[in-house]
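What follows is one structure encoded as structure tokens, with my remarks underneath.
The values are calculated or read from the model by the stated rules, or taken from the named source; none is laboratory data. Everything numeric here is computed off the predicted structure, so don't read it as measured data. A quick note on method: Cβ atoms are made from the backbone with ideal geometry, for glycine too, and the neighbour counts reach across all protein chains shown. Ligands, DNA and RNA are stripped out before the accessible areas are found, and what is left, the full protein with its side chains, is counted by its heavy atoms. Shrake-Rupley method; radii C 1.70, N 1.55, O 1.52, S 1.80 Å.
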Amino acid sequence: MRRDVLRPASAAEARDALAGAAASGRSVLIRGGGTKLDWGGAVEADVELDTRALDRLVAHNAADMTAVAGAGMPLARLQEQLGEAGQWLALDPPGTDEGATLGGILAAGDAGPRRMRYGSVRDLVIGSTFALADGTVGHSGGLVIKNVAGYDVTKLLCGSLGTLGLVTQVAVRLHPLPGASRTLRITTDARDAARLAAGLAVSPAEPSAVEWAGDPGGTGTMLVRVEGVREGVGARTSAVQDLARGHGLDARPLGGEEEAAAWREHAGAVGGDDGETVARAGFLPDRLPEVAGALARAAAEARTGATLTAGACLGLATCRISGRDAAAHAATLTGWRRAVEGLGGTVALRRRLAGVDQLADPWGTPPSAAALMRALKRRFDPDDRLAPGRFGSWLGGAEQAGQARVARRAGRVDR
Amino acid sequence: MELSKTLTHKGTKSSIVDNYKDDSGVGCPLGPAAYPSRSENARLRDSGCRSQRAVAGRTAAVYPGHTGIAAGVGARRTGAPRGRGVGPVGRAGGTAMLTDAFRRELRSALGPGAVLDDPAQLATYECDGLTGYRVTPALVVLPASTGQVATVVRACARERVPFVARGAGTGLSGGALPHADGVLIVTSRMRRILEIDLANRRMTLEPGVTNLDVSKAVAGDGMYYAPDPSSQVVCTIGGNVAENSGGAHCLKYGFTTNHVLALEVVLPDGEVVTLGGDAPDPTGYDLRGFFIGSEGTLGIATRITVRLLARPEAVRTLVADFPSPHHAGDAVSAIVAAGIVPAAIEMMDNLAIQACERATGAGYSLDAGAALVVEVDGPEADCGPAFEQVRRLCRETGATRLRDAGGDGERARIWKGRRAAFAAMGRISRDYFVQDGVIPRTRLGEVLERIGRMGEDAGLRVANVFHAGDGNLHPLVLYDERVEGEAERAERLSTMIVELCVEQGGSITGEHGVGRDKQCSMPKMFDADDLAVMDRARAAWDPQGICNPGKLLPTPRLCGELRGRYRPHPLEAAGVIGRG
């Protein structure tokens, strides 16, 4: 389908774009760098609203450790500019090198390995300006880190994947760039990785990232990062090595370019390649071995390939399914999801081989709060014009959205 | 109606007191242990609002000015200047009186002891920590389980009866102020720790568990719960969730919202849902994040899963004396500029030092112009060098004395002094208003000077205690109600201070919340569209408008017509932030 593309360069233009779409009853897909456009259910929209012209660093209050930037600003460029003052936005999501924007990261609720120490985007955003489907412009939060005035509407936009509104500007709290960083590489399987991770999570070494990536039924690579005061990094590296040794594992320290390369490779492992299906699981951190085992079994049964990347202390893991066809991918996904949901977790589809959508739900079993999501959606976007279909059955499927649009165009729905 | 002058913020009249414990588990809620300036405070403490009301109502000489001025929706705003009643006197429209059948239904569902409607019992619940506002609820219920909360809320929803949730009643913005025609749902019987999962570093609690008891339960395992509001001895986790409570250590560790993983919530229609989940980033909208800090207006949390942290390997604390708050502010800037994120940086000016020292004997220097309490924690290898750097920066910015806490006992003493700050004001002033505003930290020096000048102009003393690291000010405006006109001047000054915070790019509240106290100040920060969006979100959760109604957002009844009152935020005017 050919979509009209709008590229607002100011909040006013963004508001007008949405108001215009509202007036003509057209549906809108909001996009930034496009690194996460496949997350969730497939969207069919009349208009594409590209935020990348909203790319200004509006303010960097270095002494207050806050910044305000346009939603379309690529995170990598923001980090470069903040870095000149020895600061950063403490987020390292996988799409950073591919042009992921601040607004897109917020809308996706994304984070990277260092989520373990700094939290996710929801923990670092202190305010936002947004435009709703009808063109209403609002803001919530502010420019101070500590602030409980009013409802935190920005939180609703975190993870909303463009279904509630368009974020035009984001205010964030910043952190000082650590004086030094060291990463340890450990070769091990998911079970031992989980054991070591449990120790690391409460270790005085206070690692800021503990990740594992590899064959869910076999071996993989664990990366453990410590960062902070230059004088302290050596001792903390030794503490991680000692802990690993206690588990019979060898931890090899990496620094400089070797360290950067290891993390680049790790980030690359999460995204997936064309022809692959990628899904994200959330679960209790100590269930990682079962989650990995379940993926290995589901992949073996469906005879697909599968790799897993996990925040080993967090209870988050991303799988990549490869080989064979959509039916096989769907079978691996469904089998894995059944097991993870059985453990109390969730599995959401992020990208897929064409055809997987027809065979597997993108989101899985709706949570008890799905009705609340629908109620919010009705208040913010009553005509379901923003990213219709994104949350699939949770918000009412694309089919229902399509019907609503047809009805609207036919003038049968009172707006 | 002139909105900004007469209807905006009311400072909190006095405050909560440490070491108060609601032993009974039911009834006798935390009376806000108000009026600490009076010698009978200790006696009053244990009898809650009721005794204070009796004192206030019957013996005007003890607490003058409490003639019960109506402030909309049936609230008697006591302790306020006379003759400035706001809006129509009366009840919220559209709600019916509770029927006998309704009372019987709740009694049969919860048991007779869990439903209170004796006027004397009801009166003990008429206020929270914002004691200037009092409303006697129509009914108080003490549910013991999620099921009982849901039963009560379903009945309320069916009959369109307003309800308000209450934990320990320590809130300072009137969030737990009852509704005159409604049900007050008190969580004091829901105080079980349901699960401690050390392997996954989390704990699941009922809402009535006190903040400090969370950390105590896992202290032996080297773990703790990070948010530590000053009222942590008595305040409940449920209340912390409602207010998104912070504490001295939130500079480094964040607020309640950063430490709650999952919530079981009874929604305003009685449905029970889970917000958040096992994983840190639940799929879909961050409903958990939106609920935390919603001040009891979106539902009642009945089960809360919090994140536990390992105790840091090392903690170092110092008190640094400075000639003036300005010097202390320079030290804070220098520490932050050096890339250090201390666990806490607290500042007290000389008046606050005087009060705290007299109240607790924490060992502060009575002659210091200002004092900083700086705490650094983390791995020993990081903590040592960072602490030395903090010491050096304090000396370089003019510290006259550095006192290191040698051990845990000394550290506890230092913190006890700081935590007692609000209550300690009673040592140096008969009456006072507590304010809670936020400024960008870099404006600290300028704002303190202006607050000083404003105090001089008003002929009043202002003591300053604040979380300096994150710019959260708690100016305490001292006054004597017996002096004609002083209360009015104090209240006006307190309001001007919080307006100054907004003017400087800050916020009307950093941690105490909006509640009933500051809802009419919301238009200072948010325009009509912002507020309308918030109201849309609220309506999605509570379409009938029965869940803690008339709080948080401004209402025409209380605050007058809102549209057109908005003035752009200064940062917006300067083009720093935009809204189209």
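Observations
- Among residues of the range B:157-180, those that are open to solvent by less than 10 Å² (accessible area, probe 1.4 Å) and either more than 19 Å from the chain's Cα centre (by Cα) or of a type in the set (Ser, Thr, Tyr) (or both), counted: 4
- Tallying residues that are more than 8 Å from every other protein chain (Cβ to nearest Cβ), more than 23 Å from B:Ser173 (Cβ to Cβ) and free of Cβ contacts under 8 Å to residues at least 60 places away in the same chain within the range B:265-286 yields 1.
- Scanning the range B:237-253 for residues that are surrounded by fewer than 23 Cβ atoms within 10 Å (Cβ to Cβ) and facing another protein chain (nearest Cβ under 7 Å) turns up nothing.
- Residue among B:Gly485, B:Gly513, B:Gly471 that is more than 23 Å from B:Thr170 (Cα to Cα) and not charged (D, E, K, R): B:Gly485
- Flag for B:Arg419 being open to solvent by 10 Å² or more (accessible area, probe 1.4 Å), within 19 Å of B:Glu357 (Cβ to Cβ) and in contact (Cβ under 8 Å) with a residue 12 or more places away in the chain: yes
- B:Ile546 meets all of the listed conditions (1) open to solvent by 10 Å² or more (accessible area, probe 1.4 Å); (2) farther than 27 Å from B:Gly247 by Cα; (3) touching a residue at least 60 places away in the same chain (Cβ under 8 Å) but one, namely (1).
- When A:Val43, A:Val47 are checked against the criterion of being touching a residue at least 60 places away in the same chain (Cβ under 8 Å), β-branched (Val, Ile, Thr) and away from every other protein chain (no Cβ under 14 Å), a single residue qualifies: A:Val43.
- Answer residue from the range A:195-223, given it is more than 14 Å from every other protein chain (Cβ to nearest Cβ) and either in a loop (DSSP other than H, G, I, E, B) or in contact with a Lys or Arg (Cβ under 8 Å, 6 or more places away or on another chain) (or both) and is surrounded by the fewest Cβ atoms within 10 Å (Cβ to Cβ) among those: A:Gly218
- Contacts under 6 angstrom Cβ, first residue in the range B:465-493 being within 14 Å of chain A (Cβ to nearest Cβ), partner open to solvent by 10 Å² or more (accessible area, probe 1.4 Å) and not in a strand (DSSP E or B), 6 or more apart: B:Gly469/B:Leu251; B:Asp470/A:Ile145; B:Asp470/B:Leu251; B:Gly471/B:Pro440; B:Gly471/B:Arg441
- Among the residues of the range A:85-144, the ones that are among the aromatic types (Phe, Trp, Tyr) and surrounded by 23 or more Cβ atoms within 10 Å (Cβ to Cβ) come to 1 in all.
- One residue from B:Glu195, B:Glu271, B:Glu206 being charged (D, E, K, R) and surrounded by 22 or more Cβ atoms within 10 Å (Cβ to Cβ): B:Glu206
- Looking across the range A:141-156, just one residue is more than 7 Å from every other protein chain (Cβ to nearest Cβ) and either in contact with an Asp or Glu (Cβ under 8 Å, 6 or more places away or on another chain) or in a loop (DSSP other than H, G, I, E, B) (or both), and that is A:Gly141.
- Strands (runs of 3 or more DSSP E) lying entirely in the range B:178-260 (those with 1 or more residues that are modelled with pLDDT under 95): none
- Figure legend. Inter-residue proximity from the range A:51-67: first residues in contact (Cβ under 8 Å) with a residue 40 or more places away in the chain and more than 7 Å from chain B (Cβ to nearest Cβ), second residues in a helix (DSSP H, G or I) and surrounded by 23 or more Cβ atoms within 10 Å (Cβ to Cβ), beta-carbon distance below 6 Å, spacing 6+ or different chains. Indicated pairs: A:Thr51/A:Gly103.
- Test set (1) open to solvent by 30 Å² or more (accessible area, probe 1.4 Å); (2) of a type outside the set (Ser, Thr, Tyr); (3) over 15 Å from A:Ala131 (Cα atoms) - A:Glu13 fails condition number: (3)
- Restricting attention to the range B:222-232 and to residues that are more than 16 Å from B:Leu205 (Cα to Cα) and more than 10 Å from chain A (Cβ to nearest Cβ), the residue that is most open to solvent (accessible area, probe 1.4 Å) turns out to be B:Ser230.
- Checked against (1) within 10 Å of chain B (Cβ to nearest Cβ); (2) in contact (Cβ under 8 Å) with a residue 24 or more places away in the chain; (3) open to solvent by less than 50 Å² (accessible area, probe 1.4 Å), A:Leu372 meets all criteria but (2).
- Here the condition is being assigned to a helix (DSSP H, G or I), out of contact with any Asp or Glu (no Cβ under 7 Å at 6 or more places or on another chain) and surrounded by fewer than 19 Cβ atoms within 10 Å (Cβ to Cβ); of B:Arg443, B:Arg395, B:Arg403, it holds for B:Arg395 alone.
- Residue-level analysis places B:Ala337 among those that are surrounded by fewer than 17 Cβ atoms within 10 Å (Cβ to Cβ) and small (Gly, Ala, Ser).
- Checking each residue of the range A:171-187 against the condition of being crowded, with 24+ Cβ neighbours inside 10 Å and at the interface with chain B (Cβ under 10 Å from one of its Cβ atoms) gives at least one match.
- Residue count for the range B:411-455, restricted to those that are among the polar types (S, T, N, Q), closer than 18 Å to B:Asn472 by Cβ and more than 14 Å from chain A (Cβ to nearest Cβ): 0.
- Residue tally, condition open to solvent by less than 20 Å² (accessible area, probe 1.4 Å) and either in contact (Cβ under 8 Å) with a residue 24 or more places away in the chain or in a loop (DSSP other than H, G, I, E, B) (or both), over the range B:350-362: 4
Conditions (1) facing chain B (nearest Cβ under 10 Å); (2) under 17 Å from the mean Cα position of the chain (by Cα); (3) surrounded by 18 or more Cβ atoms within 10 Å (Cβ to Cβ); (4) at positive phi, marked per residue:
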| site | (1), (2), (3), (4) |
| --- | --- |
| A:Leu316 | yes, yes, yes, no |
| A:Ala330 | no, no, yes, no |
| A:Leu343 | yes, no, no, no |
| A:Arg351 | no, yes, yes, no |
| A:Asp357 | no, no, yes, no |
| A:Asp361 | no, no, yes, no |
| A:Gly364 | yes, no, yes, yes |
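- Here A:Leu37 clears all of (1) in contact with an Asp or Glu (Cβ under 7 Å, 6 or more places away or on another chain); (2) surrounded by 15 or more Cβ atoms within 10 Å (Cβ to Cβ); (3) of a type outside the set (D, E, K, R) except the condition numbered (1).
- Looking across the range B:296-328, the residues that are open to solvent by 10 Å² or more (accessible area, probe 1.4 Å) and either modelled with pLDDT under 95 or not in a strand (DSSP E or B) (or both) come down to B:Gly296, B:Arg311, B:Pro312, B:Glu313, B:Pro323, B:Ser324, B:Pro325, B:His326, B:His327.
- So B:Gly289, is it touching a Ser or Thr at 6+ places or on another chain (Cβ under 7 Å), within 12 Å of chain A (Cβ to nearest Cβ), crowded, with 24+ Cβ neighbours inside 10 Å and assigned to a loop (DSSP other than H, G, I, E, B): no
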